[in-house]
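A.B. asks: Just passing along the structure, written as C-alpha cells.
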Amino acid sequence: MNEKEFLYRLQEHQNIIYKLVHLYAVSEEDKRDLYQEIVLQAWKTYPAFRGEAKFSTWLYRLCLNTIFTFNRKAGRIEYTDTTRFEGKMVVNSTSDEADRLYRAIRVLPEIERAIISLHLDGYDNKEIGELLGITPNLVGVKIYRAKQQLATLLKDI
Amino acid sequence: MMDIENIWQQQGKGEDDMLKELLKRSPEELTSKWPLKKLRANLLRGIVLSEACAVIYLAIIIYLPVWQIITSMLILILFNTWLSITSWKLYKKIPETISSALSLKQELEINYARFRQWFAVQERVSLFIYPIAATGGFMLGGVVGSQKTVEEFLYNPLVLSILAVTILILVPISYFVSRWFFNHTYGKYLKKLKKWIEELQ
C-alpha cells in the first residue's frame, strides 16, 4: 500500500480528525495522543478499506471508535481563550461564532457530541444510527434534545 | 441564530500545526497507547512469566525430589499451564486494531468484554496461584533453612499454625489486592465504557 497516497487522503480529510479531537481532548497531551492514535489506527486499518462507504464516513467511524475506546485522561474541559485555537489554527472571519459553537457542543454529553457533529456534517439519522449502532429513531430523539440544549447554550455563551 | 451547520462544516479547513506535523511523518514511526494493545502486551508478558515459573518449578523438582515438594510443584505447573492456555485464548480474541467496520456500540462492547475477561483470569490467579506459590515457598524455605525433611519441618505444631494462618491471610489479601489494583487501573475506564454502552441502548 502506498504510504504517500494514504497520507494525502488523510490530509484531504483532516478537518474530520481536527473537529472530533477538539471536541474530546482535554489537554494538549491528550490531543497529541489522540491525533497519533487515530493516524496509526487509520494506517493499520486502511488495507481493509474497500471503498464501499465514502472515505470520509470510514474515517469518521474510525475516529469515533478510537476516541471512545482510548483511555483519555479524566478531567474537566477548561474553557479558556486559548483552549481551542492556541494561535495555531488558521481561522476564518467567523472564528468567534465557531468558538462559541465549539464551547457549546463541548458542554453536551459525550455521545451527544458525536451525534450532533455527524448531524451538522450532513449525515442523516440512518447513517448516524449505523455508525453508532443505534436506531434512527433514537438518533432523532437525541438530535432534538441536543439541539434544544445547544440553542440555550448558544444564548448563554 | 448563527448558521451552525455552515460554521461547523467550515471548521478544520485550515491547518493545525500538530496534526500537520504528524501527517508528514511515516505512520510506522508512531506509537500506540490503545488500551487493548496494552492488554495484549500484558497477556503476552503474563504467559512468558507463567512459563518461566513453570521451568523454575521443574528445576525445583529435579533438585529436591521429595514427594511433598514434587506434588506441590506439579500442582503449580498445572495451574501455570492452565493460566497460559486461558491467557493465550484471550490474547487471540483481542483485535490488534480498531475496527473500521463495527459500530461504536459494538467496539465499546468488545473492549468492555475483553477487559472483564482479563479480570476474571486475574481473579483466579489471585485466588489459586499466589497463595499456593506462597505456601510452596514457605515449605521450601523452611525445609532448606532448617535442614530438615518436610515431615520433620511440618511436624512442629507452631509451623503448621503459621502455615494455616499464612494461607488464611494470603487468600483474601491477594484477592482484594488484585481487585483493588484492577479497579485502580481500569475501574474508571470501564465505568465510562459501560455508561456509553448503556446510553447507546
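Computed from the coordinates by the stated procedures, all read-outs in this text should not be read as laboratory data. Quick caveat, the model's predicted, so the values are computed rather than measured. Cβ: placed from backbone, ideal geometry, glycine included. Neighbour counts: every protein chain shown.
A.B. asks: Suppose a student asked you for the relative contact order of chain B, using Cα pairs under 8 Å spaced at least 6 residues apart; what percent would you report? It would help to have the intermediate numbers written out before the result.
C.D. replies: Working: 110 pairs, mean separation 42.7, N = 201.
That works out to 21 percent.
A.B. asks: OK, next. Of B:GLU152, B:GLU96, B:GLU107, which has the largest mean-square fluctuation in a 10 Å C-alpha GNM of chain B?
C.D. replies: B:GLU152
A.B. asks: Compute the long axis of helix B:130-146 from its Cα atoms, compare it with the longest principal axis of the Cα atoms of chain B, and write down the angle in degrees, 0 to 90, nearest 10.
C.D. replies: Computed tilt is about 40 degrees.
A.B. asks: Helix B:35-63 sits at what angle to the longest principal axis of chain B, using alpha carbons and giving 0 to 90 degrees rounded to 10?
C.D. replies: Tilt of helix B:35-63: around 10 degrees.
A.B. asks: What Rg and what Dmax come out for segment A:1-71 when only alpha-carbon atoms are used, in angstroms?
C.D. replies: Reported Rg and Dmax, both Å: 11.8, 35.
A.B. asks: OK, next. Using the Cα centre of the protein assembly as shown as origin and beta-carbon charges of +1 (Lys, Arg) and -1 (Asp, Glu), tell me which of B:GLY187, A:GLY129, A:ASN71 is placed farthest towards the positive end of the dipole.
C.D. replies: Value: B:GLY187.
A.B. asks: From the phi of every residue in segment B:158-175, what ³J(HN,Hα) in whole Hz does the Karplus formula 6.51 cos²θ - 1.76 cosθ + 1.60 yield, where θ is phi - 60° and glycine or proline is x?
C.D. replies: Values per residue, Gly and Pro as x: 5, 4, 4, 5, 4, 4, 4, 5, 4, 5, 4, 7, 5, 4, x, 4, 5, 5 Hz.
A.B. asks: Please tell me which of these pairs span more than 25 angstrom C-alpha to C-alpha: A:LYS54/A:LYS155; A:LYS31/B:LYS191; A:LYS44/A:LYS147; B:LYS24/B:LYS105; A:LYS19/B:LYS195?
C.D. replies: Details: A:LYS54/A:LYS155 35 Å; A:LYS31/B:LYS191 22 Å; A:LYS44/A:LYS147 36 Å; B:LYS24/B:LYS105 32 Å; A:LYS19/B:LYS195 23 Å.
Where the Cα-Cα span goes over 25 Å, the pairs concerned are A:LYS54/A:LYS155; A:LYS44/A:LYS147; B:LYS24/B:LYS105.
A.B. asks: In bins 10 Å wide, starting from 0, what share of all Cα pairs of segment B:119-201 does each bin hold, as a percent?
C.D. replies: In order of increasing distance, the bins hold 16, 32, 23, 15, 8, 5, 1 percent.
A.B. asks: At 222 nm, what helix-only mean residue ellipticity would the protein assembly as shown give, in deg cm²/dmol to the nearest 500, using -39500 (n - 2.57) for each DSSP H run of four or more? Present the calculation step by step, with values, prior to reporting the outcome.
C.D. replies: Working: 17 runs with 256 residues, N = 358.
Calculated mean residue ellipticity at 222 nm is -23500 deg cm²/dmol.
A.B. asks: Which value, in nm² and rounded to one decimal, describes the direction-averaged projected area of the C-alpha convex hull of the protein assembly as shown? Could you put the intermediate results ahead of the total?
C.D. replies: Working: hull surface 89.9 nm².
About 22.5 nm², averaged over all directions.
A.B. asks: Another question about this same structure. How large is the charge dipole for segment B:75-201, taken about the Cα centre, if only the Cβ atoms of Lys, Arg (+1) and Asp, Glu (-1) carry charge, to the nearest 20 debye? Walk me through the intermediate numbers first.
C.D. replies: Details: 14 positive and 8 negative charges, 102 e Å.
Dipole magnitude for segment B:75-201 comes out near 480 debye.
A.B. asks: Oh, and also: Return one number: the angle in degrees, 0 to 90 and rounded to the nearest 10, between the long axis of the Cα atoms of helix B:104-124 and the longest principal axis of the Cα atoms of chain B.
C.D. replies: 10
A.B. asks: Once every Cα of segment B:146-192 carries one equal point scatterer and solvent is ignored, give the base-10 log of I(q)/I(0) from the Debye formula at q = 0.13, 0.32 Å⁻¹, two decimals.
C.D. replies: -0.51, -1.02
A.B. asks: When all alpha-carbon pairs of chain B are counted, what percent fall beyond 26 Å? Walk me through the numbers before you get to the answer.
C.D. replies: Working: 11098 of 20100 pairs.
Roughly 55 percent, once rounded to a whole number.
A.B. asks: Which trypsin sites (Lys or Arg not before Pro) in segment B:20-71 sit in a loop by DSSP (not H, G, I, E or B) and have at most 10 other Cβ atoms within 10 Å of their own Cβ?
C.D. replies: On the way: sites: B:LYS20, B:LYS24, B:ARG25, B:LYS33, B:LYS37, B:LYS38, B:ARG40, B:ARG45; in loops: B:LYS24, B:ARG25, B:LYS33.
For trypsin sites (Lys or Arg not before Pro) across segment B:20-71 that sit outside H, G, I, E and B with at most 10 neighbouring Cβ atoms in 10 Å, the list reads B:LYS24.
A.B. asks: Using 0.36 nm per residue, how much length does the chain from B:ARG116 to B:GLU152 gain when fully extended, once their Cα-Cα distance is taken away? All intermediate terms of the calculation are to be shown ahead of the outcome.
C.D. replies: On the way: separation 36, 0.36 × 36 = 12.96 nm, distance 4.46 nm.
My answer for the length gained is 8.5 nm.
A.B. asks: A further question on this structure: Stretched out fully, how many nm does the piece from A:LYS44 to A:SER27 gain, at 0.36 nm a residue minus the Cα gap?
C.D. replies: Values: separation 17, 0.36 × 17 = 6.12 nm, distance 2.57 nm.
Result: 3.6 nm gained on full extension.
A.B. asks: Additional query: Please work out the Kirkwood hydrodynamic radius for segment B:67-151, using every pair of different C-alpha atoms, and report it in angstroms with one decimal place. Walk me through the intermediate numbers first.
C.D. replies: Details: mean 1/r = 0.0638 Å⁻¹.
For segment B:67-151, the Kirkwood estimate is 15.7 Å.
A.B. asks: Follow-up. Would you give the gap between the C-alpha center of segment B:40-117 and the C-alpha center of segment A:96-125, rounded to a whole Å?
C.D. replies: 43
A.B. asks: Let me ask something else. What is the spin-label model distance, in nm, from B:LEU58 to B:LEU30 if the labels are put 7 Å beyond Cα along the C-beta direction?
C.D. replies: It is 4.2 nm.
A.B. asks: Zone of B:TYR175 (label point 7 Å along Cα→Cβ, backbone N under 19 Å): which residues in segment B:108-152?
C.D. replies: The answer is B:117-136.
A.B. asks: Taking +1 at the Cβ of each Lys and Arg and -1 at the Cβ of each Asp and Glu, which of B:VAL177, B:LEU163, B:PHE79 sits farthest along the dipole of segment B:48-201 towards its positive end, judged by Cα position relative to the Cα centre?
C.D. replies: After comparing all options, I get B:VAL177.
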